[in-house]
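The block underneath contains the structure these notes are about, expressed in C-alpha coordinates.
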Amino acid sequence: MMGIGFAKGTFVLAAFVLAARCAVAQEAAQTAPSAPTLPPGFTASLFAQGLPTPRHIAVRENGDVYVTLRSGQAKFRATDEPGGVEALRDTDGDGVADVSARFGSPDIDTGIAIHDGQLYFSSMTTIFSVRLDDGLVPKSAPEIVVADMPESCCGHRTKPITFDGEGHLYSQIGSPSNSCQTEADKPGSPGLKPCTLLDEHGGVFRYSATARNQIHARDAKRYSRGHRNIVALEWNSEANALFGLMHGRDGLHDLWPDYYTAEDDIELPAEEFHRIDEGDDLGWPYTYYDPRRRQRMVAPEYGGDGKTPADAGRYKTPLIAFPGHWAPDDLVFYTAAQFPARYRHGVFIAFHGAVVPRRKDVGGYSVVFVPMTARGEVAGPWEIFADDFERLRTGSGAVGRPAGLAVGPDGALYIVDDTGGRIWKVSYDGGG
(Lines give C-alpha, C1' and ligand atoms only; values in the text may rest on other atoms or scores of the structure.)
Protein backbone atom coordinates (compact mmCIF):
# COMPACT_ATOMS: atom_id res chain seq x y z
CA MET A 1 0.00 0.00 0.00
CA MET A 2 1.35 3.39 -0.95
CA GLY A 3 0.24 6.70 0.58
CA ILE A 4 0.00 9.74 -1.67
CA GLY A 5 -0.93 13.30 -0.60
CA PHE A 6 -2.82 15.84 -2.63
CA ALA A 7 -1.33 19.28 -3.03
CA LYS A 8 -4.12 20.93 -1.05
CA GLY A 9 -4.11 20.27 2.66
CA THR A 10 -7.88 20.14 2.85
CA PHE A 11 -7.87 16.82 1.00
CA VAL A 12 -5.56 13.87 1.57
CA LEU A 13 -5.39 10.53 -0.15
CA ALA A 14 -6.80 7.94 2.22
CA ALA A 15 -5.33 4.92 0.44
CA PHE A 16 -4.13 3.82 -2.97
CA VAL A 17 -4.17 0.17 -3.97
CA LEU A 18 -3.61 -1.42 -7.34
CA ALA A 19 -5.25 -4.81 -7.02
CA ALA A 20 -3.23 -7.58 -8.62
CA ARG A 21 -5.20 -10.21 -10.49
CA CYS A 22 -4.14 -12.91 -8.03
CA ALA A 23 -5.61 -10.91 -5.13
CA VAL A 24 -8.84 -10.44 -7.03
CA ALA A 25 -8.92 -14.13 -7.82
CA GLN A 26 -8.57 -14.96 -4.11
CA GLU A 27 -11.45 -12.65 -3.27
CA ALA A 28 -13.61 -14.13 -6.02
CA ALA A 29 -12.83 -17.61 -4.69
CA GLN A 30 -14.76 -16.78 -1.54
CA THR A 31 -18.33 -18.00 -1.41
CA ALA A 32 -20.13 -15.89 -4.00
CA PRO A 33 -23.43 -14.38 -2.87
CA SER A 34 -26.58 -15.26 -4.72
CA ALA A 35 -27.46 -12.75 -7.41
CA PRO A 36 -30.60 -10.64 -7.05
CA THR A 37 -33.75 -11.93 -8.71
CA LEU A 38 -34.34 -10.26 -12.12
CA PRO A 39 -36.90 -10.43 -14.95
CA PRO A 40 -36.33 -13.04 -17.69
CA GLY A 41 -33.53 -12.14 -20.08
CA PHE A 42 -31.51 -10.21 -17.50
CA THR A 43 -28.41 -11.42 -15.69
CA ALA A 44 -26.45 -9.93 -12.78
CA SER A 45 -22.69 -10.34 -12.49
CA LEU A 46 -20.69 -9.39 -9.42
CA PHE A 47 -18.63 -6.43 -10.61
CA ALA A 48 -16.96 -5.84 -7.22
CA GLN A 49 -17.25 -7.04 -3.64
CA GLY A 50 -15.61 -6.50 -0.27
CA LEU A 51 -16.16 -2.72 -0.37
CA PRO A 52 -16.70 -1.00 2.99
CA THR A 53 -20.11 0.72 2.87
CA PRO A 54 -20.28 1.76 -0.82
CA ARG A 55 -23.04 4.27 -1.54
CA HIS A 56 -23.65 6.25 -4.76
CA ILE A 57 -21.90 5.40 -8.01
CA ALA A 58 -20.86 7.09 -11.26
CA VAL A 59 -19.61 5.39 -14.45
CA ARG A 60 -17.29 7.13 -16.90
CA GLU A 61 -17.64 6.92 -20.70
CA ASN A 62 -14.63 4.57 -20.80
CA GLY A 63 -16.30 2.23 -18.29
CA ASP A 64 -14.32 3.24 -15.19
CA VAL A 65 -16.46 3.12 -12.07
CA TYR A 66 -16.31 5.51 -9.10
CA VAL A 67 -18.19 4.83 -5.87
CA THR A 68 -18.26 6.71 -2.58
CA LEU A 69 -17.37 4.81 0.61
CA ARG A 70 -19.04 5.82 3.84
CA SER A 71 -16.75 3.60 5.91
CA GLY A 72 -14.50 6.41 7.12
CA GLN A 73 -17.23 7.82 9.36
CA ALA A 74 -17.38 6.38 12.85
CA LYS A 75 -21.18 6.19 12.81
CA PHE A 76 -21.22 3.93 9.75
CA ARG A 77 -17.87 2.16 10.01
CA ALA A 78 -18.13 -1.61 10.14
CA THR A 79 -14.40 -2.14 9.55
CA ASP A 80 -11.18 -0.26 10.20
CA GLU A 81 -10.89 0.66 6.52
CA PRO A 82 -10.89 4.36 5.62
CA GLY A 83 -13.56 5.94 3.48
CA GLY A 84 -13.11 8.01 0.34
CA VAL A 85 -13.79 7.27 -3.30
CA GLU A 86 -13.11 3.82 -4.75
CA ALA A 87 -12.09 3.78 -8.42
CA LEU A 88 -12.57 0.48 -10.27
CA ARG A 89 -11.58 -0.73 -13.73
CA ASP A 90 -12.37 -3.86 -15.69
CA THR A 91 -9.29 -4.25 -17.91
CA ASP A 92 -10.22 -7.49 -19.68
CA GLY A 93 -13.92 -6.87 -20.30
CA ASP A 94 -15.19 -9.84 -18.31
CA GLY A 95 -17.59 -7.75 -16.24
CA VAL A 96 -15.46 -7.90 -13.08
CA ALA A 97 -13.25 -5.10 -11.77
CA ASP A 98 -9.62 -6.24 -11.58
CA VAL A 99 -7.90 -2.93 -10.79
CA SER A 100 -8.92 -0.63 -7.96
CA ALA A 101 -7.67 2.51 -6.28
CA ARG A 102 -8.92 4.51 -3.33
CA PHE A 103 -8.51 8.25 -2.90
CA GLY A 104 -10.06 11.19 -1.10
CA SER A 105 -10.61 12.02 2.55
CA PRO A 106 -12.30 9.60 4.97
CA ASP A 107 -15.24 11.94 5.62
CA ILE A 108 -16.73 11.32 2.16
CA ASP A 109 -20.39 10.37 2.50
CA THR A 110 -22.68 9.48 -0.43
CA GLY A 111 -23.06 11.91 -3.33
CA ILE A 112 -21.04 11.40 -6.53
CA ALA A 113 -21.51 12.37 -10.19
CA ILE A 114 -19.56 12.99 -13.40
CA HIS A 115 -20.22 16.23 -15.26
CA ASP A 116 -18.30 18.01 -18.01
CA GLY A 117 -15.13 15.96 -17.49
CA GLN A 118 -15.14 16.47 -13.72
CA LEU A 119 -15.78 14.00 -10.93
CA TYR A 120 -17.89 15.55 -8.15
CA PHE A 121 -18.30 13.96 -4.72
CA SER A 122 -19.47 15.10 -1.30
CA SER A 123 -19.00 14.85 2.42
CA MET A 124 -21.77 15.87 4.82
CA THR A 125 -20.79 19.54 4.52
CA THR A 126 -18.77 19.97 1.32
CA ILE A 127 -18.98 19.18 -2.39
CA PHE A 128 -15.65 18.62 -4.18
CA SER A 129 -14.62 18.22 -7.80
CA VAL A 130 -11.55 16.93 -9.57
CA ARG A 131 -10.67 16.93 -13.27
CA LEU A 132 -10.62 13.42 -14.77
CA ASP A 133 -7.64 12.56 -16.97
CA ASP A 134 -6.33 9.46 -18.71
CA GLY A 135 -5.67 7.66 -15.44
CA LEU A 136 -7.98 5.77 -13.16
CA VAL A 137 -7.13 8.10 -10.26
CA PRO A 138 -7.10 11.82 -11.15
CA LYS A 139 -3.65 13.39 -10.95
CA SER A 140 -4.80 16.85 -9.90
CA ALA A 141 -5.97 17.86 -6.44
CA PRO A 142 -9.71 18.14 -5.73
CA GLU A 143 -11.21 21.61 -5.46
CA ILE A 144 -14.00 22.81 -3.20
CA VAL A 145 -17.20 23.52 -5.11
CA VAL A 146 -19.48 24.30 -2.15
CA ALA A 147 -18.46 24.53 1.51
CA ASP A 148 -20.20 25.00 4.85
CA MET A 149 -23.39 23.18 3.91
CA PRO A 150 -25.51 22.64 7.04
CA GLU A 151 -24.71 19.26 8.54
CA SER A 152 -27.39 19.08 11.26
CA CYS A 153 -27.10 17.30 14.55
CA CYS A 154 -29.54 14.47 14.08
CA GLY A 155 -29.17 12.68 10.76
CA HIS A 156 -30.38 13.38 7.23
CA ARG A 157 -26.99 14.85 6.33
CA THR A 158 -26.42 13.28 2.91
CA LYS A 159 -25.63 15.64 0.02
CA PRO A 160 -26.60 13.99 -3.32
CA ILE A 161 -25.33 15.62 -6.53
CA THR A 162 -27.01 16.18 -9.90
CA PHE A 163 -26.81 18.71 -12.76
CA ASP A 164 -29.12 20.36 -15.24
CA GLY A 165 -28.09 21.41 -18.74
CA GLU A 166 -27.71 25.09 -17.88
CA GLY A 167 -24.67 25.09 -15.61
CA HIS A 168 -26.38 24.38 -12.28
CA LEU A 169 -25.62 21.82 -9.58
CA TYR A 170 -28.39 20.61 -7.24
CA SER A 171 -28.18 19.08 -3.79
CA GLN A 172 -30.35 18.91 -0.68
CA ILE A 173 -30.21 19.95 2.95
CA GLY A 174 -32.11 17.33 4.93
CA SER A 175 -34.13 18.18 8.00
CA PRO A 176 -32.52 17.23 11.34
CA SER A 177 -35.83 16.01 12.69
CA ASN A 178 -38.52 13.42 12.24
CA SER A 179 -41.52 15.74 12.55
CA CYS A 180 -40.31 19.10 13.95
CA GLN A 181 -41.80 18.51 17.39
CA THR A 182 -41.38 21.00 20.21
CA GLU A 183 -39.86 18.12 22.22
CA ALA A 184 -38.33 15.65 19.79
CA ASP A 185 -39.60 12.07 19.95
CA LYS A 186 -41.91 12.78 22.90
CA PRO A 187 -45.40 11.26 22.51
CA GLY A 188 -48.01 13.94 22.08
CA SER A 189 -45.56 16.81 21.69
CA PRO A 190 -46.91 19.37 19.17
CA GLY A 191 -44.97 20.67 16.21
CA LEU A 192 -43.14 23.98 16.12
CA LYS A 193 -45.35 26.67 14.52
CA PRO A 194 -43.85 27.61 12.19
CA CYS A 195 -41.23 24.89 11.84
CA THR A 196 -38.07 26.99 12.18
CA LEU A 197 -35.94 24.13 10.82
CA LEU A 198 -37.22 25.06 7.38
CA ASP A 199 -35.34 28.36 7.58
CA GLU A 200 -32.11 26.52 6.79
CA HIS A 201 -33.01 22.88 6.12
CA GLY A 202 -35.66 20.83 4.38
CA GLY A 203 -35.14 21.68 0.74
CA VAL A 204 -33.28 21.35 -2.53
CA PHE A 205 -30.68 24.05 -3.20
CA ARG A 206 -29.08 25.15 -6.47
CA TYR A 207 -25.46 26.23 -7.02
CA SER A 208 -23.18 27.02 -9.93
CA ALA A 209 -21.62 23.89 -11.42
CA THR A 210 -18.53 25.77 -12.61
CA ALA A 211 -17.78 28.19 -9.74
CA ARG A 212 -15.41 27.08 -7.01
CA ASN A 213 -15.17 27.94 -3.30
CA GLN A 214 -18.87 28.74 -3.05
CA ILE A 215 -20.25 29.13 0.48
CA HIS A 216 -23.72 27.71 1.06
CA ALA A 217 -25.06 30.64 3.09
CA ARG A 218 -23.84 33.12 0.47
CA ASP A 219 -24.21 31.36 -2.87
CA ALA A 220 -27.01 28.79 -2.56
CA LYS A 221 -30.41 29.47 -4.11
CA ARG A 222 -33.30 27.63 -2.50
CA TYR A 223 -35.09 25.66 -5.20
CA SER A 224 -37.83 23.93 -3.18
CA ARG A 225 -38.90 23.27 0.41
CA GLY A 226 -40.92 20.97 2.64
CA HIS A 227 -38.58 17.95 2.46
CA ARG A 228 -37.71 15.66 5.33
CA ASN A 229 -34.83 14.01 3.50
CA ILE A 230 -34.08 13.34 -0.17
CA VAL A 231 -31.13 11.05 -0.93
CA ALA A 232 -32.47 10.04 -4.37
CA LEU A 233 -32.21 13.19 -6.50
CA GLU A 234 -31.67 13.26 -10.27
CA TRP A 235 -32.06 15.65 -13.18
CA ASN A 236 -33.94 14.13 -16.12
CA SER A 237 -32.25 15.61 -19.19
CA GLU A 238 -35.02 14.43 -21.55
CA ALA A 239 -37.80 16.04 -19.52
CA ASN A 240 -35.54 18.95 -18.50
CA ALA A 241 -36.75 18.61 -14.92
CA LEU A 242 -35.62 17.55 -11.45
CA PHE A 243 -36.99 14.41 -9.81
CA GLY A 244 -36.56 13.03 -6.32
CA LEU A 245 -37.97 10.74 -3.66
CA MET A 246 -38.59 11.86 -0.12
CA HIS A 247 -38.13 9.63 2.92
CA GLY A 248 -41.40 9.73 4.84
CA ARG A 249 -41.52 10.31 8.57
CA ASP A 250 -41.58 7.67 11.32
CA GLY A 251 -43.33 7.15 14.63
CA LEU A 252 -46.99 7.79 13.92
CA HIS A 253 -48.12 5.05 16.31
CA ASP A 254 -45.38 5.54 18.91
CA LEU A 255 -45.94 9.29 19.11
CA TRP A 256 -49.72 9.37 18.55
CA PRO A 257 -51.22 6.02 19.65
CA ASP A 258 -54.71 7.52 20.00
CA TYR A 259 -54.83 8.09 16.25
CA TYR A 260 -52.67 5.36 14.72
CA THR A 261 -52.34 1.64 15.35
CA ALA A 262 -49.12 -0.35 15.06
CA GLU A 263 -50.50 -1.70 11.78
CA ASP A 264 -51.02 1.85 10.52
CA ASP A 265 -47.40 2.60 11.33
CA ILE A 266 -46.24 -0.22 9.06
CA GLU A 267 -47.92 1.29 6.02
CA LEU A 268 -47.79 5.04 6.74
CA PRO A 269 -46.71 7.41 5.43
CA ALA A 270 -45.79 7.00 1.76
CA GLU A 271 -42.33 7.40 0.28
CA GLU A 272 -43.11 10.17 -2.22
CA PHE A 273 -41.81 10.27 -5.81
CA HIS A 274 -41.94 13.83 -7.16
CA ARG A 275 -41.12 15.97 -10.11
CA ILE A 276 -39.63 18.93 -8.23
CA ASP A 277 -40.13 22.30 -9.89
CA GLU A 278 -38.71 25.55 -8.58
CA GLY A 279 -40.84 26.87 -5.71
CA ASP A 280 -42.50 23.53 -4.89
CA ASP A 281 -43.45 22.67 -1.30
CA LEU A 282 -43.66 18.94 -0.52
CA GLY A 283 -45.48 19.49 2.76
CA TRP A 284 -43.10 18.31 5.51
CA PRO A 285 -43.58 18.55 8.48
CA TYR A 286 -47.13 19.87 8.33
CA THR A 287 -48.47 17.00 6.25
CA TYR A 288 -47.79 13.46 5.06
CA TYR A 289 -49.17 11.44 2.17
CA ASP A 290 -51.44 8.47 2.92
CA PRO A 291 -51.08 5.85 0.12
CA ARG A 292 -54.23 4.02 1.24
CA ARG A 293 -56.46 7.08 1.08
CA ARG A 294 -54.47 8.52 -1.84
CA GLN A 295 -54.60 11.81 -0.05
CA ARG A 296 -52.34 14.30 1.68
CA MET A 297 -53.16 14.44 5.39
CA VAL A 298 -52.54 16.91 8.19
CA ALA A 299 -49.73 15.65 10.45
CA PRO A 300 -50.79 14.93 14.05
CA GLU A 301 -48.25 17.45 15.38
CA TYR A 302 -50.25 20.12 13.55
CA GLY A 303 -53.79 19.11 14.46
CA GLY A 304 -54.28 15.99 12.37
CA ASP A 305 -55.93 12.79 13.59
CA GLY A 306 -55.29 10.38 10.74
CA LYS A 307 -58.55 11.39 9.07
CA THR A 308 -58.14 15.08 8.31
CA PRO A 309 -56.95 15.93 4.79
CA ALA A 310 -54.60 18.83 4.14
CA ASP A 311 -55.73 21.93 2.26
CA ALA A 312 -56.16 20.97 -1.38
CA GLY A 313 -53.62 22.43 -3.79
CA ARG A 314 -51.28 23.87 -1.17
CA TYR A 315 -48.69 21.11 -1.36
CA LYS A 316 -47.36 18.98 -4.19
CA THR A 317 -49.06 15.66 -4.94
CA PRO A 318 -46.56 12.84 -5.58
CA LEU A 319 -46.34 11.14 -8.96
CA ILE A 320 -46.30 7.83 -7.08
CA ALA A 321 -46.87 7.08 -3.38
CA PHE A 322 -44.60 4.12 -2.64
CA PRO A 323 -45.08 1.95 0.47
CA GLY A 324 -43.92 3.39 3.78
CA HIS A 325 -40.40 2.97 5.18
CA TRP A 326 -38.89 1.57 1.99
CA ALA A 327 -36.19 4.31 2.16
CA PRO A 328 -35.41 5.42 -1.43
CA ASP A 329 -31.67 6.06 -1.75
CA ASP A 330 -31.03 6.64 -5.47
CA LEU A 331 -32.65 6.80 -8.90
CA VAL A 332 -31.45 6.80 -12.49
CA PHE A 333 -33.28 7.43 -15.76
CA TYR A 334 -32.66 4.84 -18.46
CA THR A 335 -31.82 6.38 -21.85
CA ALA A 336 -29.52 3.64 -23.20
CA ALA A 337 -30.37 1.03 -25.83
CA GLN A 338 -29.25 -2.30 -24.32
CA PHE A 339 -32.46 -3.04 -22.40
CA PRO A 340 -35.75 -3.69 -24.23
CA ALA A 341 -37.56 -0.64 -25.59
CA ARG A 342 -40.12 -0.59 -22.78
CA TYR A 343 -37.38 0.48 -20.35
CA ARG A 344 -36.30 3.52 -22.35
CA HIS A 345 -37.15 6.85 -20.64
CA GLY A 346 -38.16 4.97 -17.47
CA VAL A 347 -36.59 5.30 -14.04
CA PHE A 348 -34.95 2.76 -11.76
CA ILE A 349 -35.18 3.43 -8.01
CA ALA A 350 -33.02 1.84 -5.30
CA PHE A 351 -34.91 1.20 -2.07
CA HIS A 352 -32.66 0.68 0.94
CA GLY A 353 -35.42 -0.82 3.08
CA ALA A 354 -36.28 -0.33 6.74
CA VAL A 355 -33.45 -0.73 9.27
CA VAL A 356 -35.62 -3.18 11.19
CA PRO A 357 -38.30 -4.86 9.03
CA ARG A 358 -41.71 -4.12 10.53
CA ARG A 359 -43.34 -7.26 9.15
CA LYS A 360 -42.03 -10.17 7.11
CA ASP A 361 -44.31 -9.53 4.14
CA VAL A 362 -43.45 -5.81 3.93
CA GLY A 363 -41.17 -5.11 0.97
CA GLY A 364 -38.25 -2.85 0.33
CA TYR A 365 -34.63 -3.92 -0.18
CA SER A 366 -35.22 -3.88 -3.92
CA VAL A 367 -34.78 -1.93 -7.15
CA VAL A 368 -38.04 -0.77 -8.70
CA PHE A 369 -38.73 0.23 -12.31
CA VAL A 370 -41.25 2.93 -13.27
CA PRO A 371 -42.16 3.25 -16.97
CA MET A 372 -42.14 6.90 -18.05
CA THR A 373 -42.37 9.00 -21.18
CA ALA A 374 -39.59 11.23 -22.49
CA ARG A 375 -41.58 14.15 -21.03
CA GLY A 376 -41.18 12.73 -17.55
CA GLU A 377 -44.75 11.46 -17.14
CA VAL A 378 -45.50 8.14 -15.45
CA ALA A 379 -46.60 5.76 -18.21
CA GLY A 380 -47.71 2.70 -16.25
CA PRO A 381 -47.64 0.88 -12.91
CA TRP A 382 -44.33 0.44 -11.13
CA GLU A 383 -42.81 -3.02 -10.77
CA ILE A 384 -40.06 -4.77 -8.84
CA PHE A 385 -37.02 -5.14 -11.11
CA ALA A 386 -34.26 -6.51 -8.85
CA ASP A 387 -35.30 -8.26 -5.66
CA ASP A 388 -34.30 -10.62 -2.86
CA PHE A 389 -31.32 -8.62 -1.65
CA GLU A 390 -32.46 -9.42 1.88
CA ARG A 391 -32.52 -13.23 1.67
CA LEU A 392 -30.02 -13.44 4.53
CA ARG A 393 -31.17 -11.52 7.57
CA THR A 394 -29.55 -10.55 10.82
CA GLY A 395 -31.19 -9.27 13.94
CA SER A 396 -30.67 -5.67 12.84
CA GLY A 397 -32.11 -5.92 9.34
CA ALA A 398 -31.21 -7.04 5.85
CA VAL A 399 -27.82 -8.22 4.69
CA GLY A 400 -28.36 -6.79 1.21
CA ARG A 401 -29.60 -3.21 0.80
CA PRO A 402 -29.54 -1.32 -2.54
CA ALA A 403 -28.06 2.17 -2.21
CA GLY A 404 -26.74 3.44 -5.56
CA LEU A 405 -27.55 3.19 -9.27
CA ALA A 406 -25.83 4.13 -12.52
CA VAL A 407 -26.01 3.22 -16.21
CA GLY A 408 -22.77 2.32 -17.96
CA PRO A 409 -21.73 3.28 -21.51
CA ASP A 410 -22.80 -0.17 -22.74
CA GLY A 411 -26.28 0.27 -21.27
CA ALA A 412 -25.77 -2.05 -18.29
CA LEU A 413 -27.30 -1.07 -14.94
CA TYR A 414 -24.97 -0.93 -11.93
CA ILE A 415 -26.54 -1.57 -8.50
CA VAL A 416 -24.64 -0.81 -5.30
CA ASP A 417 -25.42 -2.89 -2.20
CA ASP A 418 -23.93 -0.90 0.67
CA THR A 419 -24.57 -3.42 3.45
CA GLY A 420 -23.25 -6.34 1.42
CA GLY A 421 -20.31 -4.28 0.12
CA ARG A 422 -21.03 -5.24 -3.49
CA ILE A 423 -21.61 -3.75 -6.93
CA TRP A 424 -23.80 -5.75 -9.30
CA LYS A 425 -23.74 -5.23 -13.06
CA VAL A 426 -27.08 -6.06 -14.68
CA SER A 427 -27.14 -6.81 -18.41
CA TYR A 428 -29.75 -7.96 -20.90
CA ASP A 429 -29.00 -10.81 -23.26
CA GLY A 430 -32.52 -11.67 -24.38
CA GLY A 431 -32.40 -15.17 -22.94
CA GLY A 432 -35.23 -16.64 -20.92
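The values are calculated or read from the model by the stated rules, or taken from the named source; none is laboratory data. The shown structure was predicted, so the numbers you read here are calculated from the model rather than taken from an experiment. Cβ atoms come from the backbone with ideal geometry, glycine included; neighbour counts cover every protein chain shown. All accessible areas refer to the heavy atoms of the entire protein, side chains included, with ligands and DNA or RNA removed. Shrake-Rupley method; radii C 1.70, N 1.55, O 1.52, S 1.80 Å.
Brief remarks on what is shown
- Calculated mean residue ellipticity at 222 nm for the chain: -1000 deg cm²/dmol, from DSSP H runs with n ≥ 4 weighted as -39500 (n - 2.57), summed, divided by the residue count and rounded to 500.
- Neighbourhood charge, 15 Å Cβ-Cβ cut-off, centred on ALA184 and excluding it, Lys, Arg +1 and Asp, Glu -1: -2
- Applying a DSSP loop filter and a limit of 15 other Cβ atoms within 10 Å to the trypsin sites (Lys or Arg not before Pro) in region 81-143 leaves LYS139.
- Using the Cβ-Cβ distance between ASP219 and ASP94 with R0 set to 35 Å, the FRET efficiency works out to roughly 0.20.
- Loop trypsin sites (Lys or Arg not before Pro), region 314-344 (other Cβ atoms within 10 Å of the site Cβ: 13 or fewer; DSSP): ARG314
- Counting heavy atoms of the protein chains alone, GLU151 has an accessible area of about 80 Å² for a 1.4 Å probe.
- Region 133-225, accessible surface, carbon-and-sulfur percent (1.4 angstrom probe): 50
- Considering only beta bridges that DSSP places wholly inside region 83-220, some 95 percent are antiparallel.
- P(r), alpha carbons of the chain - 20 Å bins starting at zero, rounded %: 27, 59, 14, 0
- A simple charge model with +1 on the Cβ of Lys and Arg, -1 on the Cβ of Asp and Glu and nothing else charged puts the dipole of the chain at about 300 debye relative to its Cα centre.
- Highest-fluctuation residue, GLY279, GLY420, GLY83 considered, GNM on the chain with Cα pairs under 10 Å: GLY279
- Probe 1.4 Å, accessible area per residue of region 149-247, Å²: 38
- Computed with the Debye formula from one identical point scatterer per Cα of region 193-300, without solvent, the log10 of I(q)/I(0) at q = 0.15, 0.18 Å⁻¹ comes to -0.72, -0.95.
- Inter-site label distance for SER189 and THR308 at 7 Å from Cα along Cβ, in nm: 2.1
- Note that region 102-111 has calculated 3J(HN,Hα) couplings of 10, 8, x, 7, x, 8, 4, 10, 9, x Hz, one per residue in order, obtained from phi through the Karplus relation 6.51 cos²θ - 1.76 cosθ + 1.60 (θ = phi - 60°); glycine and proline are x.
- Ordering GLY155, VAL65, GLN181 by the projection of their Cα atoms onto the charge dipole of the chain, which places +1 on the Cβ of Lys and Arg and -1 on the Cβ of Asp and Glu, puts GLN181 at the extreme positive end.
- For the chain, the number of Lys pairs separated by eight or more positions or lying on different chains, with C-alpha atoms closer than 23 Å, is 10.
- Tail beyond 28 Å, pair distance distribution of region 55-209 (Cα, percent): 30
- In region 259-327, chymotrypsin sites (Phe, Trp or Tyr not before Pro) in a DSSP loop with at most 16 other beta-carbon atoms within 10 Å: TYR259
- Most simply put, the chain has about 95% antiparallel DSSP beta bridges, counting only bridges with both residues inside it.
- Label-point separation in nm, GLU166 to ASN62, each point 7 Å along Cα→Cβ: 3.4
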